[in-house]
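Reviewing the structure listed below.
The values are calculated or read from the model by the stated rules, or taken from the named source; none is laboratory data. What you are looking at is a predicted structure, and each value in this text was computed from that prediction instead of being measured. Because the Cβ atoms are built from the backbone with ideal geometry, glycine has one as well, and the counts that use them run over all protein chains shown. Heavy atoms of the whole protein, side chains included, go into the accessibility calculation; ligands, DNA and RNA do not. Shrake-Rupley method; radii C 1.70, N 1.55, O 1.52, S 1.80 Å.
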Amino acid sequence: MATSAHSVLPPYIGQLPAGKLNLITDVQGLEVGHSTVNDGAHQTGVTVITPHSGNLFCDKVPAAATVLNGFGKSVGLVQVDELGVLETPIALTNTFSVGAMAQAQIRQAVAQNPEIGRAWSTVNPLVFECNDGYLNDIQAMILNDSHYETALKEANAQFAQGTVGAGRGMSCFELKGGIGSASRIATLASGQTYTVGALVLANFGRLPTFTLAGKHLGTLLKERLEQQALMEEKGSIIMIVATDAPLDSRQLGRLSLRAGVGLSRTGAFFGNGSGDISLAFSTAYTVPQQTDRPMPSVAFLHDALMDPLFQATADSVEQAIVNALWYATTTDGRDGNRRVSLRDLAPDLQSLLAS
């Protein structure tokens with residue numbers, strides 16, 4: 001599926017070059033899939049990220065997470081923090097569907113590995129969420145195994161952004177939010193290059209604080225929107241960062257923290273009711289499940305060489321948020337609620353940015 005229906009590209013963030021697709025899947029081996037529900041009051045879905053095409057339970061990838069503000073209901077972060085690996089695909093969905101997606105992940109892992117929970121250890125599902133209840137009848141809890149399986153089946157290196165998958169019902173800066181993705185190429189002092197990619201589920205922010213590519217547009221756009229009184233900051237954002245750089249889980253924790261830099265550039269301040277969580281993982285090596293297989297022998301990057309990766313993370317996350325807004329479409333949902341897209345609210349956006 002194409003990444004955009006727009007012929008005009010969004011503003012480009014930073015000076016680092018993007019990968020070929022300017023998507024998280026520029027990190028080789030990654031795939032992203034969506035399952036989207038667009039049915040009246042039901043505006044929701046699932047987005048799945050697969051770090052590699054093999055058996056993730058048997059060949060785990062190193063990872064770490066940062067909780068910038070913990071107003072969230074994610075599943076699996078405790079074990080990621082303890083063991084520093086992923087062993088299922090990453091699922092993104094709405095708040096009330098976390099349990100259903102975790103069960104779907106467990107069933108999929110058990111079907112692939114029948115010894116899970118018996119001769120082998122149990123599996124750690126990993127599900128992140130944002131609240132899409134403004135547009136979606138979240139109480140209906142309509143998502144089930146079939147939606148997760150569809151997202152897995154549809155996973156590909158090329159995928160849509162905006163009002164799709166888990167992003168279908170999301171809001172961002174009181175406008176239509178959703179899924180956004182980007183990548184940047186980091187060049188170390190040695191000349192070695194690595195790819196950093198980001199994917200966000202953007203559902204946060206108050207419009208008056210909105211900043212796009214360094215230009216404060218929130219006040220002007222708020223006047224155009226003519227909405228109700230100032231909203232409390234009570235949304236959320238999930239930021240997934242991937243890289244092919246050889247980093248251990250401690251270093252990936254440092255990388256995940258830098259996602260907050262890109263987030264803050266857009267005007268976010270991690271409000272009281274906002275769940276702001278980032279996770280970073282590396283595809284440079286895998287960690288075996290079974291003890292009779294050798295652990296990987298990896299030459300990790302020196303910490304002092306990581307600055308280009310930090311810059312690439314901040315830029316790709318900011319770009320991914322911009323892309324989520326840019327590619328989103330105006331959406332009507334439950335009880336007549338509507339979120340207007342950035343492009344519909346500001347068709348003169350290019351001239352606003354140039355002024």
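Sum up the charges of everything whose Cβ sits under 13 Å from the Cβ of Ala280, counting Lys and Arg as +1 and Asp and Glu as -1, but leave Ala280 out.
Surrounding charge for Ala280 is 0.
Using a probe radius of 1.4 Å on heavy atoms only, what accessible surface per residue do you get for the stretch 28-165? Whole Å² is fine.
For the stretch 28-165, the solvent-accessible area averages 41 Å² per residue.
Quick one: what does P(r) look like for the chain with 20 Å bins over all Cα pairs, in whole %?
Going from the shortest bin to the longest, the percentages are 33, 58, 9, 0.
With each pseudo-label sitting 7 Å past Cα toward Cβ, what's the Met141-Lys215 distance in nm, one decimal?
Output for this residue pair reads 4.6 nm.
Taking only C-alpha pairs under 8 Å that are 6+ residues apart, what is the relative contact order of the stretch 51-144 in percent?
Relative contact order of the stretch 51-144: 35 percent.
If you add up the charges near Phe96, with Lys and Arg at +1 and Asp and Glu at -1, over every other residue whose beta carbon is less than 9 angstrom from its beta carbon, what do you get?
0
Using a cut-off of 12 Å between beta-carbons, work out the net charge of the residues near Leu345 (Lys and Arg +1, Asp and Glu -1, Leu345 not included).
+1
Using +1 on the beta carbon of Lys and Arg, -1 on that of Asp and Glu, and nothing else charged, what's the dipole of the chain about the Cα centre, debye to 20?
340
Where does each of 308-317, 165-174, 31-40, 257-266 land if you order them by average Cβ count within 10 Å, highest first?
Highest to lowest by the protection proxy: 165-174, 308-317, 257-266, 31-40.
Counting only the heavy atoms of the protein chains, how much of Leu9 is accessible to a 1.4 Å probe, in Å² to the nearest 10?
120
Mind checking which helices in the chain clear 15 Å along their axis (Cα) and have mean Kyte-Doolittle hydropathy of -1.0 or more, DSSP H runs only?
Passing helices, by number: 98-112, 307-327.
How large is the charge dipole for the stretch 258-355, taken about the Cα centre, if only the Cβ atoms of Lys, Arg (+1) and Asp, Glu (-1) carry charge, to the nearest 20 debye?
160
Mind ordering 197-204, 42-49 by average Cβ neighbours within 10 Å, highest first?
For the peptides 197-204, 42-49, the packing ranking is 197-204, 42-49.
Full extension from Leu83 to Asp344: what is 0.36 nm times the residue separation minus their Cα-Cα distance, to one decimal in nm?
89.5 nm
With +1 on each Lys and Arg Cβ and -1 on each Asp and Glu Cβ, and nothing else charged, work out how big the dipole of the stretch 241-301 is about its Cα centre, in Debye to the nearest 20.
My answer is approximately 160 debye.
Could the peptides 12-19, 100-107 be put in order, highest first, of the mean number of other beta-carbon atoms found within 10 Å of their residues?
Output ranking for 12-19, 100-107: 100-107, 12-19.
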